[in-house]
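Please read the structure below before turning to the comments.
The values are calculated or read from the model by the stated rules, or taken from the named source; none is laboratory data. All values derive from a computational prediction rather than experimental measurement. Positions of Cβ are generated from backbone atoms using ideal geometry, with glycine treated the same way; all protein chains shown enter the neighbour counts. Quick note on the areas: whole protein, heavy atoms, side chains included, nothing else; ligands and nucleic acids left out. Shrake-Rupley method; radii C 1.70, N 1.55, O 1.52, S 1.80 Å.
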Amino acid sequence: MSTTPRRALVALAALTALLVSGCANQPRGPRIAAAESPPPSTVAPTPSADDPAARAAALVRTLADEDLVGQVLMPYAYGSSATKVSPGSAAGNQALAGVDTPAAMVAKYRLGGVILVGFSADDPTSGNQATTNVDNPKQVRELTTGLRAAAGQLPAGPAPFLIGTDQEFGVVTRITDGVTLLPSPMAAGAAGKPALTEAAWRAAGAELAAMGINMDFAPVADVLATRSTVIGSRSFGADPQNAADQVAGAVRGLQAAGVAATVKHFPGHGLSADDSHKDLPVITQSRAELDRTAFPPFRAGIDAGALAVMSAHLDVQAVDPGTPATFSRKLLTDVLRGQFHFPGVVVTDGMNMAPAKRWSPGEAAVRALNAGNDLILMTPNVGQAYDGLLAALRDGSLPRARLVEAVTRVLTMKFKLADRPAPDLSTLAGAEHRKAATDLAAAAVTLLRGRCGAPVAGPVTVTSSAGRDRSRAALTQALTAAGVRVLPRGGTVVHLVGYGDSADDLRADAAVTVAMDTPYVLADAKSPTLLATYSSSRASLTALAGVLAGKARPTGRSPVPVTGLPATACGS
């Protein structure tokens, strides 16, 4: 995979100039029905096999208007199979796109990709996840195989179909069963070891690739400049340089496994505590503050070769007041392209989120593309978005050069991901991958109060805030394996708190309180020993058990400030 973005940008600019005239006279035929085969004239010639940009340029020259429009759309679909869905999923697809199945959606709209969705109880993004496509890895692999079969029949079929998901780890993790679960990004920030982050994300990328997923909407590059529940432990922390180092490591790891990394949410959702799923957060910081605080992780991800950047629904007052960044040419074209020299694919945040729904799906898609996005994610109505883009192309409100540029970027990214065999499903949750997750989790455990390296005294009783039975059971099992006796009651109390918990969820008699998400709540805890794992993954709880048993030292440092507590109570 190419990691020379500036050279690719020069090549892309030259190719686009040629393509504008080359595509201007392409036929504008009727939309292909689900059962049709593409006409022979749309089969792409074989260009330079080792040059993704040249392959993209050659393919673009063969595409009709309908194909160009479809390539910039990446919606979600209902159902866990490409071709066989429940009546409820069929009804959902009919409302979304006028078809019954995901495969029919791909065929009818000549889609460039599909995002797989799903959510867990603690997921702050659950509000715009209308369905789930995920049961288990075998099912996901069968789904992605079916989607690719449908896409392979399209004129753009020579380019790999994009299948993405939000596998951030921590609270936003779409696929949780049967895979290696990394600790949260904030845990990686606490570890402060980019090499461990890179190794862990390489393992994660290999598992995504094994399931047929070639694009991850991660890592989160938002610097947590303000306390936030919508970003929270999804961020690597409050220090721009540490976050930048971690973002670069995650990008390198994912893309080494053949999965496109998507650095998000540009220009930085960590600057506001408001939730862009519901409202339009206003970013009031100066441009100088953006340069100092928010931008370094995005620059680091770009320098590491990130193939994609996600634009955010944020009102950045210092650059383009009143316009969400998703629709801001000043931010996406002038800053991201012009100043950061990003050559890859810009993808919108979910267009079914409230700030994007102020316009109709068609108008929103046109506005997003004209601002500089190349890929429209999660439109609330696929047919309306498709028809709106096609109409705008034909009446000139969407310049053909802009659409050709976007499609060329998308196809170039696809060809960079091509020709890599998918790993076998048997590699999922293998020993090497588990070790990568465990090493990162162990380096993250942080002591914020108490004696460094001291084992917990006597038998232990594990308690937790409501709804954390699974975490309590996992820690109990890990402690037992580490040689610590665990009693149902009467032992030294180790109390677990997690996502969304507050002072009301603390326990006054706990000898040890552990934060399994952001550590802010520890400021109110009275326990003589305070620890943070930043994550409730099995790897994190196993690492915690090692610290409680006195078999490991908590070497992490809190990547966010906690009132009244040091970053670590365990040395410098």
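Scanning residues 5 or more positions from M310 or on other chains, those with amide H under 5 Å from its amide H are V263, K264, F266, V347, with H placed 1.01 Å from N in the peptide plane. For V460, the amide hydrogen comes within under 5 Å of the amide hydrogens of R485, V486, L487, T492, counting only partners 5 or more places away or on other chains and with H modelled in the peptide plane. Packing, as the average of other Cβ atoms within 10 Å across residues, places the peptides 385-394, 458-467 in the order 385-394, 458-467, highest first. Residues with beta-carbon under 11 Å from that of G453, excluding G453: net charge, scoring Lys, Arg +1 and Asp, Glu -1? Net charge around G453: +3.
Take the Cβ atoms of A91 and A391, set R0 to 25 Å, and the FRET efficiency comes out at 0.40.
Applying both filters, DSSP loop and at most 10 other Cβ atoms within 10 Å, to the trypsin sites (Lys or Arg not before Pro) of segment 489-561 gives R489.
In the chain, what percentage of the DSSP-assigned beta bridges are antiparallel, given to the nearest 5?
The answer is about 15 percent antiparallel.
Descending by average beta-carbon neighbour count within 10 Å, the peptides 471-482, 165-176 line up as 165-176, 471-482, the highest first. A 1.4 Å probe run over the chain, with the rest of the protein chains in place, finds 35 Å² accessible per residue. Counting only aspartates and glutamates at least 8 places from K357 when in the same chain, those with an alpha carbon closer than 14 Å to its own are D279, D349.
Packing, taken as the mean count of other beta carbons within 10 Å per residue, orders the peptides 358-367, 515-524, 242-251 from highest to lowest as 242-251, 515-524, 358-367. Gain on full extension, evaluated as 0.36 nm per residue between E363 and A454 minus their Cα-Cα distance, stands at 26.7 nm. Each residue of segment 258-271 is assigned a 3J(HN,Hα), and the resulting list reads x, 10, 5, 8, 10, 7, 9, 10, 5, x, x, 6, x, 7 Hz, derived from the Karplus form 6.51 cos²θ - 1.76 cosθ + 1.60 (θ = phi - 60°), x at Gly and Pro.
Within the shell defined by Cβ-Cβ distances under 13 Å, the residues around A151 carry a net charge of +3, with Lys and Arg each +1 and Asp and Glu each -1. Calculated FRET efficiency, D303 to R489, Cβ-Cβ distance, R0 = 56 Å: about 0.55 to the nearest 0.05. Relative to the longest principal axis of the Cα atoms of the chain, the long axis of helix 194-210 lies at roughly 50 degrees. Taking amide H as placed 1.01 Å from N in the peptide plane, the amide H of H495 sits under 5 Å from that of T463, V512, T513, V514, each at least 5 places away or on another chain.
Ligands, DNA and RNA left out, the accessible area of the chain computed with a 1.4 Å probe is 52% carbon and sulfur. Helix 240-256 and the longest principal axis of the C-alpha atoms of the chain enclose an angle of approximately 60°. The shape of the chain comes out prolate: with a ≥ b ≥ c from the C-alpha gyration tensor, a/c is at least 1.5 and a/b beats b/c.
Relative to the longest principal axis of the C-alpha atoms of the chain, give the angle of the C-alpha long axis of helix 382-395, reported between 0 and 90° and rounded to the nearest 10°. Roughly 40 degrees, rounded to the nearest 10. Between R434 and T563, the distance separating the two model label sites (each 7 Å from Cα on the Cα→Cβ line) works out to 4.2 nm.
Note on T145 and D504: with the Förster distance fixed at 45 Å, the Cβ-Cβ geometry gives a FRET efficiency of about 0.40. List residues of segment 505-528, by number, whose backbone nitrogen lies under 18 Å from a label position 7 Å along Cα→C-beta of A466. 505-508, by backbone N distance to the label point.
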